[in-house]
Amino acid sequence: HSVSIIERDIVIIGAGATGLTAATELRKAGLTVAVLEARDRVGGRLHTDDIEGAMLEIGGQWVSPDQDALKETIAELGLETFARYREGESVYINASGERTRFEGEIFPVSADTEREMVALIGTLDELVAQMDPDRPWAHPRAVELDQISFRRWLEQETDDQEARDNISLFIAGAMLTKPAHAFSTLQALLMAASAGSFSNLVDADFILDERVVGGLQRVPILLAENLGGDVFLGQAARTVRWRDAGVTVLTDDLEVRARRVIVAVPPVLYTRISFDPPLPRRQQMMHQHLSMGFVIKVHAVYETPFWREDGLSGTAFSPYELSHEAYDNTNFGDPRGTLVGFVSDEAADGVFTVSAEERKQRILTSLSHYFGEKALTPVVYYESDWGTEEWTRGAYAASFDLGGLARFGADLRTPVGPIFFSCSDLAGKGYQHVDGAIRMGRQSAAEIVAELDR
Ligand code: FDA
């Protein structure tokens, strides 16, 4: 078995949005690149696929108005966007299983609970306003807020269980996809700060605003097409040999020699690569404190978007339902209707202990609680399960355990010799989102160009 030797200025590990953006920017700066991708496709957590004749967004899909890095890239690539369907009423289900239709952002709860929710949102907005998302560890109360779980913090703020459950939902089930006892309040604030404010997270019309016609994977696919033969598929980086003078990255078939390497993979996968010499103590320790959240994204396609005739938008929330949120996910120009639901963290663990048929029944039953009996009989049903993807290992992204962000956060993106780390999971603004991936890719490229210029 012979190994081909390739020489480039920069080698990039990972052909997700981050790695492909970095490669594109480095090329623009006149440097040569090679992108090594373990999978037989580009895009990583962006994957638009045809499942039984339905186009589904298996991974990331939504674009929000503040995500200007992603929006710029979408425009540069000549892609078109369309708005998520949101006409009509949303649905909320409370702890007793009562279903209420409503309009606006605040869930239809009692006046007392609403007051508590508004107060919590206000307090969180104030805390978030004191945070630079690129430097969350510099928050005036960083150490203290990183010691307390978000769940415990909410318990200290209010006795109102329903208010706590709902506010928790926006960060825990819906974003970090970990139980609220498993991450700190500082980590929760970063999630909100990365989207501008806590109020933005609560506003589905903001967070889940637009989609790309043809699917968001068009972004990495077009970036890779422009890079042509410099993207190598099926090439898992096994070893990174590094000296101050440069790096050699080994796959099973290739030996790539370069001046710098960008490791553009989720941080939970760093240990899949052998570093020679090993990474320094700080990185060895720090990387163990980051872990992936877990969520099942559920796709149910129907002959028609039947909920619309019923005056429903397809938007639904309940911290008490298996699918804690749902949206109209109908494709652009498609006569069929698609609902997307989400089953998060411990609820996802739970449904993976039962048979596939039982899991499908339970999830569709949950959707029927929001949208009625018709939700029980989709023509296409599919569960995105990133927990079984060895080159991702969870969804949506990685976050720190309690205390990790204040302790290690400032070193997360610090290069080690010729090794640069880049990923949406390391981003400030756009954290855990494609926008953050693009920001990180741009930033790593700019840092390398500046360094090589010196
Ligand atoms: P990403 O993980 O995409 O790319 C890393 C690449 O490295 C992968 O292609 C992987 O195969 C490769 N790799 C790993 N190890 C390797 C090795 N040793 N050698 C070579 N290659 C290796 N975001 C958003 O903005 N809006 C949304 O609606 C959603 N929704 C959403 C839903 C679901 C189900 C998921 C899983 C994720 C989202 N996201 C999202 C998050 C978004 O998809 C994510 O933040 C970015 O796509 C991550 O891009 P990166 O390039 O940083 O990592």
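General observations
- Taking the number of Cβ atoms within 10 Å of each Cβ as an exposure proxy, the fewest-first ranking of LEU36, LEU77 is LEU77, LEU36.
- Secondary-structure-derived ellipticity at 222 nm for the chain, considering helices only, amounts to -9500 deg cm²/dmol, per-run term -39500 (n - 2.57) for DSSP H runs with n ≥ 4.
- Fewest-first ranking of ILE6, ILE171, ILE93, using other Cβ atoms within 10 Å as the exposure measure: ILE6, ILE93, ILE171
- For segment 170-281, fraction of C-alpha pairs farther apart than 16 Å, in %: 74
- Local electrostatic count at ARG259 - Lys and Arg +1, Asp and Glu -1, tallied over other residues with Cβ under 14 Å: 0
- Here the scattering of segment 134-182 is modelled by Debye summation over its C-alpha atoms, one equal scatterer each and no solvent; at q = 0.21, 0.22, 0.27, 0.31 Å⁻¹ the log10 of I(q)/I(0) is -0.79, -0.85, -1.04, -1.10.
- Listed by chain and number, the lysines whose alpha-carbon sits under 24 Å from that of LYS28, ignoring those within fewer than 8 places in the same chain, are LYS71, LYS429.
- For segment 1-153, the pair-distance distribution built from all alpha carbon pairs, in bins 5 Å wide starting at 0, is 1, 6, 8, 11, 11, 13, 14, 13, 10, 5, 3, 2, 1, 0, 0 percent.
- Backbone geometry of segment 213-219 corresponds, through the Karplus equation with coefficients 6.51, -1.76 and 1.60 at θ = phi - 60°, to 3J(HN,Hα) couplings of 4, x, x, 6, 5, 4, 4 Hz, x marking Gly and Pro.
- Neighbours of GLY16 by Cβ distance under 10 Å: Lys/Arg scored +1, Asp/Glu scored -1, total +1.
- The Cβ shell under 13 Å around VAL298 holds other residues with a net charge of -1, Lys and Arg each +1, Asp and Glu each -1.
- Rg(Cα) / (2.2 N^0.38 Å) computed for segment 61-137, rounded to two decimals: 1.57
- For segment 334-454, average projected area of the Cα convex hull in nm²: 11.7
- Across segment 309-360, the volume of the C-alpha convex hull divided among the residues equals 111 Å³ per residue.
- Computed on the Cα atoms alone, the convex hull of segment 1-59 gives a volume of 105 cubic angstrom per residue.
- With coordinates expressed along the principal axes, the C-alpha atoms belonging to segment 147-217 extend over 45, 22, 19 Å, beginning with the largest.
- For the peptides 388-401, 174-187, the ranking by packing is 174-187, 388-401, with the highest mean count of neighbouring Cβ atoms within 10 Å listed first.
- Ratio of Rg to Rh over segment 199-342 (Cα coordinates, Kirkwood Rh, two decimals): 1.11
- For the peptides 445-454, 190-199, residues were scored by their other Cβ atoms within 10 Å and the scores averaged per peptide; the highest-first order is 190-199, 445-454.
- 10 Å-binned pair-distance histogram of the chain (Cα, whole percent): 4, 21, 31, 26, 14, 4, 0, 0
- Percent antiparallel among DSSP beta bridges (both partners in the chain, rounded to 5): 65
- Only alpha carbons enter this Debye calculation for segment 260-401, each as an equal point scatterer, and the log10 of I(q)/I(0) it gives at q = 0.15, 0.17, 0.19 Å⁻¹ is -0.79, -0.91, -1.05.
- Alpha-carbon centroids, segment 4-31 and segment 78-153: separation in whole Å: 38
- The Rg/Rh ratio for segment 70-184 is 1.05, where Rg is the radius of gyration of the alpha carbons and Rh is the Kirkwood radius.
Where a number appears in this text, it was derived from the coordinates with a stated rule and is not lab data. Since this is a predicted model, take the numbers as computed values, not measurements. Using ideal geometry, Cβ is built from the backbone for each residue, glycine included, and neighbour counts are taken over all protein chains shown.
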